[in-house]
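To start, the structure itself, in structure tokens.
The values are calculated or read from the model by the stated rules, or taken from the named source; none is laboratory data. These figures come from a predicted structure and were not determined experimentally. When we count neighbours, we look across all protein chains shown, and the Cβ atoms used for this are built from the backbone with ideal geometry, even at glycine. These accessible areas exclude ligands, DNA and RNA; they are computed on the full protein's heavy atoms, side chains included. Shrake-Rupley method; radii C 1.70, N 1.55, O 1.52, S 1.80 Å.
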Amino acid sequence: MTQFTLGWEEWLALPDLGLPAIRAKVDTGAKTSALHAFAIEPFGPAEKPMVRFAIHPDPQDPGLEIICSAPLKDRREVTSSNGETELRFVIETTLSMGERSWPIEVTLTDRGGMAYRMLLGRTALDEEMIVAPSLKYQQPQLSFDAYRAAPRLKQHRRALRLAILSREPGNYSTRRLIEAAEAGGHTMEVIDTSRCYMNIRAVGGEVHYDGRRLPHYDAVIPRIGASVTSYGTAVVRQFESLGTYCLSGSEGITVSRDKLHAHQVLARHRIGMPTTAFARSPKDSGNVISLVGGAPLVLKLLESTQGKGVVLAETKKAAESVISAFQGLKADFLVQSFVKEAAGEDIRCFVVGGKVVAAMRRKGKPDDFRSNLHQGGTAEPVRISKAEREVAVRAARAMKLDVAGVDLLRGEDGPKVLEVNSSPGLEGIEKTSGKDIAAMVIQHIEAKVAPKPPRTRPRRSTA
Ligand SMILES: Nc1ncnc2c1ncn2[C@@H]1O[C@H](COP(=O)(O)OP(=O)(O)OP(=O)(O)O)[C@@H](O)[C@H]1O
Ligand SMILES: [Mg+2]
Ligand SMILES: [Mg+2]
């Protein structure tokens, strides 16, 4: 075997941690190796514990911060060179130097002031390796520029710590998202939205749950039920202000839940929809009916879901009596022209990251103009036109939603968007399309929270 010589200072890479270049001090006086990490937090299930930490690989550049995660191997008492004993997390990872790669054990310690981000101890060295104490860089030199170029090469995939905000841990969508996250090597915790409590302040706001502060999540998937929209979006806003990526933003959830607001936003973006009007005073009932072109027309309670507050009025008389009933209940509603040619069918386009990843056609019961599955409708896969695809993507974007269920009707003069759902269910769409939509959602999150290409700067001498 050829001799492998190391100087007292060497460049190395820790590819499993997404660290392409680290300058290390080789210290044969130390037994274990150490990596100077901060914000060290264990996470994950007891059978498969993980640890998440951050590191500034370049001691000269505090702006370059990389988040790493790794399987947790042990916790161990380590005595450092200054004689202090510290309980440290231990991970195992691959070290690459020159043409060689081998597994090493590394302890994590928060000593950011150290000039070297890594100390290579003797247990990380093989028998045939020689350390030349008076020499440096016996192995190829690397550069911190690798961090500026890396994201464009192969994206490093690290285990993410994810949370889903849901009051229904057992429902199909929640279960599938957990499965997909775990299949991708991530962990997913289910948090009951209504049990989150918060302190609100400019700096250092927190989210608490069951007596403890929630840790930092790489991303949060809000699946907020209509009954807790207001509180739920406040929780989402709190996560947003902590800098956590939320799959559906608070603004998107709020707007999409309010039919009036949603239609105004869609109209502003020139997205086709049925002619829509609204009024509050009983004096204007006749006026709004004529605004949408008279009967037949559709009346919708603003907070309706699952088609429950959606009524078809075949005649002007019927429309007037439903309107007066709604007004009597002090319920806000909108009035919409009836798209007859849609014939009780609507199209659900499932949008992920600016693309329609699946679509289905839903058909109501034979005597129902509503196509909601909750009203007993059926669904089947459907091919959608280019115009439909475009309008669905634009509608999701107008609502500022990365993941959305866009419902549209096939009108005589093109697609007409009915609504944009911020937490679209996965069951119907996965079963009809046969696609793993949950995995697509997780992949979208991975792409979103992967380290951004750090700003480019003139190259600095690193020797
Ligand atoms: N203007 C319209 N013309 C024809 N059919 C309509 C019209 N508006 C709604 N429908 C039918 O009624 C169904 C329910 O309407 P809509 O989606 O607006 O209500 P919803 O209560 O928000 O339902 P969900 O949120 O569960 O999808 C639609 O899927 C569609 O089939
Ligand atoms: Mg709805
Ligand atoms: Mg609908």
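Residues in the stretch 428-463 that are acidic (Asp, Glu) and modelled with pLDDT of 95 or more: Glu430, Asp436. Looking only at residues of the stretch 278-313 that are farther than 22 Å from Asp367 by Cα and among the charged types (D, E, K, R), we find that the one that is farthest from ligand 2 (Cβ to nearest atom) is Lys283.
Of the residues making up the stretch 291-310, those that are more than 14 Å from ligand 3 (Cβ to nearest atom) and in contact with an Asp or Glu (Cβ under 7 Å, 6 or more places away or on another chain) are Ala295, Pro296.
Condition check ((1) away from ligand 3 (no atom under 13 Å from the Cβ); (2) more than 21 Å from Glu341 (Cα to Cα); (3) touching a Leu at 6+ places or on another chain (Cβ under 9 Å)) across all residues:
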residue	(1), (2), (3)
Arg389	yes, no, no
Ala395	no, yes, yes
Met399	yes, yes, yes
Val403	yes, yes, yes
Arg410	yes, no, no
Asp413	yes, no, no
Leu426	yes, yes, yes
Gly434	yes, yes, no
Ala439	yes, yes, no
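Can you tell me how many residues within the stretch 357-375 are away from ligand 3 (no atom under 15 Å from the Cβ) and crowded, with 20+ Cβ neighbours inside 10 Å? Please lay out each step first, then the result.
Of the residues in the stretch 357-375, the ones away from ligand 3 (no atom under 15 Å from the Cβ) are 357-358, 365-367.
When the remaining residues are screened for being crowded, with 20+ Cβ neighbours inside 10 Å, the result is 358.
Residues flagged as away from ligand 3 (no atom under 15 Å from the Cβ) and crowded, with 20+ Cβ neighbours inside 10 Å within the stretch 357-375 amount to 1.
Among the conditions (1) farther than 20 Å from Asn421 by Cβ; (2) assigned to a helix (DSSP H, G or I); (3) in contact (Cβ under 8 Å) with a residue 24 or more places away in the chain, the only one that Val335 does not satisfy is (2). Scanning the stretch 275-310 for residues that are more than 14 Å from ligand 1 (Cβ to nearest atom) and charged (D, E, K, R), we see that the one that is surrounded by the fewest Cβ atoms within 10 Å (Cβ to Cβ) is Lys283. Contact map, the stretch 112-126: residues that are more than 17 Å from Ala21 (Cα to Cα) paired with residues that are at pLDDT below 95 and among the basic types (Lys, Arg), Cβ distance under 8 Å, separation 6+ or inter-chain. Pairs shown: Gly121/Lys31; Arg122/Lys31; Thr123/Lys31. Return yes when Glu182 is of a type in the set (Asp, Glu) and closer than 18 Å to Gln443 by Cβ and no when it is not. Judged against the criteria, Glu182 is a match. Tell me whether the stretch 60-67 contains one or more residues that are modelled with pLDDT of 90 or more and not polar (S, T, N, Q). For the stretch 60-67, residues modelled with pLDDT of 90 or more and not polar (S, T, N, Q): absent.
Every test in (1) open to solvent by less than 20 Å² (accessible area, probe 1.4 Å); (2) of a type in the set (S, T, N, Q); (3) at pLDDT 95 or above is passed by Ser96 save one, and that test is (1). State whether the residues of the stretch 345-356 include one that is modelled with pLDDT under 95 and more than 16 Å from ligand 2 (Cβ to nearest atom). Yes; the residues of the stretch 345-356 include at least one that is modelled with pLDDT under 95 and more than 16 Å from ligand 2 (Cβ to nearest atom). Under 9 Å between Cβ atoms, which residue pairs at least 6 apart in sequence (or on different chains) link something in the stretch 414-425 that is over 17 Å from Gly249 (Cβ atoms) and within 10 Å of ligand 1 (Cβ to nearest atom) with a partner that is of a type in the set (S, T, N, Q) and assigned to a strand (DSSP E or B)? Listed by first residue and then by second, the contacts come to Leu418/Gln336.
Close Cβ contacts (under 9 Å, 6 or more residues apart or on different chains) running from residues in the stretch 349-366 that are at positive phi to residues that are open to solvent by less than 10 Å² (accessible area, probe 1.4 Å) and not β-branched (Val, Ile, Thr) comprise Gly354/Ala396.
For the stretch 121-137, what are the residues that are open to solvent by less than 80 Å² (accessible area, probe 1.4 Å) and assigned to a loop (DSSP other than H, G, I, E, B)? Break it down into steps so the answer makes sense when it comes.
To start, the set of residues in the stretch 121-137 that are open to solvent by less than 80 Å² (accessible area, probe 1.4 Å) comprises 121, 124-126, 128-132, 135, 137.
Residues satisfying the conditions are Gly121, Leu125, Asp126, Glu128, Ala132, Leu135, Tyr137.
Report whether or not Ser227 is under 25 Å from Ser304 (Cβ atoms) and free of Cβ contacts under 8 Å to residues at least 12 places away in the same chain. Explain how you work it out, then say what you get.
Details: under 25 Å from Ser304 (Cβ atoms): yes; free of Cβ contacts under 8 Å to residues at least 12 places away in the same chain: yes.
In short, yes.
Going through (1) free of Cβ contacts under 8 Å to residues at least 60 places away in the same chain; (2) crowded, with 18+ Cβ neighbours inside 10 Å; (3) among the β-branched types (Val, Ile, Thr) one by one, Thr432 falls short only on (1). Set side by side, the residues Lys330, Lys386 differ, and just one is surrounded by fewer than 17 Cβ atoms within 10 Å (Cβ to Cβ) and either touching a residue at least 12 places away in the same chain (Cβ under 8 Å) or not assigned by TED's automatic domain parsing to the domain that holds Gly434 (or both), which is Lys330. Take the conditions (1) of a type outside the set (S, T, N, Q); (2) in contact (Cβ under 8 Å) with a residue 24 or more places away in the chain; (3) not in a strand (DSSP E or B); Ile40 misses just one of them, which is (3). For the stretch 282-299, the condition of being in contact with a strand residue (DSSP E or B) (Cβ under 6 Å, 6 or more places away or on another chain) and at positive phi holds for at least one residue. Is it true that Ala34 is in contact (Cβ under 8 Å) with a residue 60 or more places away in the chain and open to solvent by 50 Å² or more (accessible area, probe 1.4 Å)? Here the answer is no, as Ala34 does not meet what is asked. Can you confirm whether the stretch 311-327 contains a residue that is within 41 Å of the chain's Cα centre (by Cα), open to solvent by 20 Å² or more (accessible area, probe 1.4 Å), closer than 24 Å to Val255 by Cβ and more than 16 Å from ligand 3 (Cβ to nearest atom)? Taking every residue of the stretch 311-327 in turn, at least one turns out to be within 41 Å of the chain's Cα centre (by Cα), open to solvent by 20 Å² or more (accessible area, probe 1.4 Å), closer than 24 Å to Val255 by Cβ and more than 16 Å from ligand 3 (Cβ to nearest atom).
Residues in the stretch 335-391 that are among the charged types (D, E, K, R) and within 12 Å of ligand 1 (Cβ to nearest atom): Lys340, Glu341, Glu345, Asp346, Arg348, Arg361, Arg362, Lys363, Lys365, Asp368, Arg370.
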